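The values are calculated or read from the model by the stated rules, or taken from the named source; none is laboratory data. What you are looking at is a predicted structure, and each value in this text was computed from that prediction instead of being measured. Virtual Cβ from ideal backbone geometry, glycine too; neighbours counted across all protein chains shown. The area values use the complete protein model at the heavy-atom level, side chains included, leaving out ligands, DNA and RNA. Shrake-Rupley method; radii C 1.70, N 1.55, O 1.52, S 1.80 Å.
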Amino acid sequence: MTYNAYYAEVIAMAVFIVMGIRLHRMSAQSHGLPERCLSAAFLLWALGYILWDVPVLFTQDAWLLARCAFGGRIAIHLGTIALALFIRAVFRPDSRWALWFAIAIAVSLLGGAVNSARMGDWMGERPFAYASYWVELVADVAPSVWMAAEGTIAYHSAKKRLRLGLCDALSCNRFLLWGLAGAIWAALEIVTFAQEYAIATAGSQSFLFDLLMGACEFVPALLVWLAFFPPAAYRSWIGTAHRPS
C-alpha cells in the first residue's frame, strides 16, 4: 500500500470512529434501530482498518499479519451486514424479502471469508483461486447498490412532495445523500476488485486504485455525516436552494 493511500485510510478510520460514536449516542437517546445499525457499521469498519493497518507498524511477522488482516476482514464484513440491516430498517422495515436479502448477504460474506481462509487466502485477494471469492464480492457490493437504489427512489419521491409543500428540503436532501453514499461505496467495491485483479495478474498494487479506495472510503462517511448531523451553514444552504422563487 502506498503512503498516500495509507493516510487516506487513516482519515477514513477517524471519520468512522467519530461517526460511530455520535450515532451511538443518538441511538441511546432515540432507541432507534437505524442509528444503532449504522453506528455498528462505522465502528466495525474502523476496527477492521485498525486490524489491517496498525499491526504493520509493530511487526513484520507474515503469519501474524495475515491473521490480523483476516480479523479486520471479518470486522469489515460485520460492518457491511450492519449496513444492510440499516437499509432494511430505514427503507423496508416491514418487508420479508428485505430481511432475507440481508441474511443472504451475511451468509455469503462470512461463508466466503471462512472458505478463503480454508484455502490459505487470509486476505481474500486471489480472485481466480476459488468460486466463493465471487459470491463474497457480490455480497460486498449488494448493500451499497441497495442503498444507492433506495436512496435515489426515496429522493425522487420526496422531491415531488417537496414541490407540493408536503416534505421539507432537508429531509429530501437526506435521501439524496444516502443514495450518493451508497453509489460511492459500490464504486469502492469495484475499485477494490480492480486492485485485487491487478495484484493477481501483475503482482503489484496500483497507486491510482489505492488513492481511489481511500477517497471512496471517507467521502461517503462525510455524506452520511451531513445526513445525520448537518451544520447550520449546510442547513441554511439547502433551505435557500429549495426556497420558491
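A few points about this structure:
- Legend: P(r) of the range 109-226 from all alpha carbon pair distances, 5 Å bins from 0, whole percents, reading 2, 12, 16, 17, 16, 12, 9, 6, 5, 3, 2, 0.
- C-alpha long axis of helix 96-118 to longest principal axis of the chain, angle in °: 20 degrees
- Sulfur and carbon atoms: percent of accessible area, the range 88-216 [1.4 Å]: 68 percent
- To the nearest ten degrees, helix 132-163 and the longest principal axis of the Cα atoms of the chain are 10 degrees apart.
- When the inverse distances between all different Cα atoms of the chain are averaged and flipped, the Kirkwood radius reads 18.9 angstrom.
- Sequence of TRP63, TRP178 when ordered by accessible area, the most exposed leading, probe 1.4 angstrom: TRP63, TRP178
- Using R0 = 30 Å, the C-beta based FRET efficiency linking TRP97 and THR240 works out to 0.15.
- If R0 equals 41 Å, the separation of the Cβ atoms of PHE128 and ARG163 corresponds to a calculated FRET efficiency of about 0.20.
- For PHE91, solvent-accessible area (1.4 Å; no DNA, RNA or ligand), Å²: 40 Å²
- Estimated FRET transfer efficiency (ASP61, VAL138; beta-carbon r; R0 30 Å; 0.05): 0.35
- Where the range 18-147 is the region considered: accessible area per residue in Å², 1.4 Å probe: 48 Å²
- Projecting label points 7 angstrom from Cα along Cα→Cβ for HIS156 and ARG118 puts them 4.3 nm apart.
- Cα long-axis angle, helix 207-228 against the chain (0 to 90 degrees, to the nearest 10): 30 degrees
- Charged neighbours of PHE101, selected by a Cβ distance under 10 Å, balance to +3 (K, R count +1; D, E count -1).
- Rounded accessible area of LEU65 (nearest 10 Å², 1.4 Å probe): 30 Å²
- Divide the volume of the convex hull around the Cα atoms of the range 56-167 by the residue count and you get 124 Å³ per residue.
- Altogether, the Stokes-Einstein calculation at 37 °C and 0.692 mPa s, with the Kirkwood radius of the range 1-109 over Cα pairs as Rh, returns a diffusion coefficient of 220 µm²/s.
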